[in-house]
Amino acid sequence: MAMRVLVTGGSGLVGRGIERVVKEGERREGEEWIFLSSKDANLLSPEETRAIFEKHRPTHVIHLAAMVGGLFRNMRQNLDFWRSNVFINDNVLQAAHDFGVEKVVSCLSTCIFPDKTSYPIDESMVHNGPPHDSNFGYAYAKRMIDVQNRAFFQQFGRRYTAVIPTNVFGPHDNFNIEDGHVLPGLIHKTFMAKKEGKPLVVWGSGRALRQFIYSVDLARLFIWVLREYNEVEPIILSVGEEDEISIKDAADAVVEALGFGGEVIYDTSKADGQLKKTASNAKLRKYQPDFTFTPFREAIKETCDWFVANYDNARK
Ligand code: NAP
Ligand code: GFB
């Protein structure tokens, strides 16, 4: 029987990427894909969560809905990130089980790994020590998804799993400068600096290292996981260690993409967060040796072009 896929968090950065690739050909004959926003159901409410599962009776779930933010929002709201995400995750996973959903693919993040760790980080290390202090609320809430998946398998034989994306960027991101992630923040700030003839202020030293994955590439890998990946253990979805770049490299790419010619200043009074969280994609490569990622500068250009063209309606 063809899948009926419920995508929680379908209106966000990752959800919109999945919606795009589904519409562009990934959807198979007879499949139904339903993309939810919080207007369809507030997943903090067990009743609203059950009602939306009752309404759609999905066979599969991609669970993206979460309270999400960049380094600085996490540093301000660790309790909110913990509570909201634990409630949303428990409501969704329990409803999936109660309504007999065959498979759920949830979402962790490479920023939830132990702060003190050897490199490269791999999937076996999720619980090997406390996460970085900047986002411990979010990190522990996300780790509980993995705990719950293992418990659902042991107690009920459920094959619920999770992916571990690295930092994601792309169209439909949250471009809010205070709350968002680094790339949308830099795109928004560079756009404003160019318009106002002011310097671009990059926060931190620019020395922190990150791996970035384009939302459209992540979307393709997500659909492959939904269809083909059958482990309960999570899988890292990231570009390779060799594609890790500095925040300065990222800023330079945004400056080039937007044609900004002004001064770039580094405000070192602002935190760098984790200096590195280098993740290995060896497990992904074992399954998908030929997958090709969009070149970073090409993806940045596409994202900047989208932002400029959709400035009025973008989340910012
Ligand atoms: P996003 O753009 O902020 O989207 C969040 C989504 O969750 C939105 O669709 C939002 O609905 C929904 N949502 C939030 N609270 C909700 C609630 N109470 N009830 C129902 N829906 C709710 O986030 P994203 O970047 O796409 O992240 C998607 C997933 O990827 C998350 O699980 C996140 O932890 C994970 N992830 C993201 C990154 C990254 O760099 N962005 C990296 C690793 C993992 P509304 O549109 O109605 O607000
Ligand atoms: O994407 P980001 O906010 O989160 O990146 P993390 C923070 C890094 O970018 C720090 C620098 O080194 C900042 O100093 N940075 C420079 C900026 N300019 C800016 C700017 O304008 N905005 C922002 N936000 N940063 C997050 C976790 O860590 O990773 C979340 O806190 C989430 O939980 C996310 O999982 C994927 O990569 O540091």
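General remarks:
- Positive contributions from Lys and Arg (+1) and negative ones from Asp and Glu (-1), summed over other residues with Cβ under 12 Å from the Cβ of Arg150, come out at 0.
- Our coupling estimate for region 66-76, obtained by passing each phi through the Karplus curve with A = 6.51, B = -1.76, C = 1.60 and θ = phi - 60°, is 6, 7, 10, x, x, 3, 6, 5, 4, 5, 8 Hz, Gly and Pro reported as x.
- Extension gain (nm, one decimal) between Arg83 and Ile265, 0.36 nm per residue minus Cα-Cα: 61.9 nm
- Each of the peptides 189-198, 274-283 was scored by the mean count of other Cβ atoms within 10 Å over its residues; in descending order, highest first, they stand as 274-283, 189-198.
- Distance in nm between pseudo-label sites at Met1 and Lys276 (7 Å out along the Cβ direction from Cα): 5.0 nm
- DSSP beta bridges confined to the chain are antiparallel in about 10 percent of cases.
- Per-pair calculated FRET efficiency, R0 = 35 Å: Glu256 and Glu231 via Cβ, rounded to 0.05: 0.30
- Take each peptide in 248-260, 120-132, count the other Cβ atoms within 10 Å of every residue, and average; sorted highest first, the result is 248-260, 120-132.
- Under 29 Å from Lys55, Cα to Cα: lysines that are on another chain or at least 8 residues apart: Lys23, Lys39, Lys103, Lys142
- Around the amide H of Lys103, modelled in the peptide plane, lie the amide H atoms of Val61, all under 5 Å away and 5 or more residues distant in sequence or on another chain.
- Region 58-77 residues near the modelled Asp133 label - backbone nitrogen below 16 Å, point 7 Å along Cα→Cβ: 72, 74-77
- Note on Trp224 and Met75: the model spin-label points, each 7 Å out from Cα along the C-beta direction, lie 3.6 nm apart.
- Label-point gap, in nm, between Thr117 and Asn310 - each point 7 angstrom along Cα→Cβ: 3.0 nm
- Scalar couplings 3J(HN,Hα) for region 23-36, obtained by applying the Karplus form with A = 6.51, B = -1.76, C = 1.60 to θ = phi - 60°, are 5, 8, x, 6, 6, 9, 3, x, 6, 10, 10, 10, 9, 9 Hz; x denotes Gly and Pro.
- Sequentially through region 220-232, phi angles give Karplus couplings (6.51, -1.76, 1.60; θ = phi - 60°) of 4, 5, 4, 5, 4, 4, 4, 7, 10, 8, 10, 8, 7 Hz, Gly and Pro residues having no value and appearing as x.
- For the chain, convex hull volume per residue from C-alpha positions, Å³: 129 Å³
- When you count the other C-beta atoms within 10 angstrom of each residue and take the mean per peptide, 10-19, 98-107 line up highest first as 10-19, 98-107.
- Neighbour-count order for Phe293, Phe153, fewest beta carbons within 10 angstrom listed first: Phe153, Phe293
Laboratory data are not the source of any read-out in this text; all were calculated from the coordinates shown. These numbers come from a predicted model, not from an experiment. All Cβ positions, even for glycine, are placed from backbone atoms using ideal geometry, and neighbour counts span all protein chains on display.
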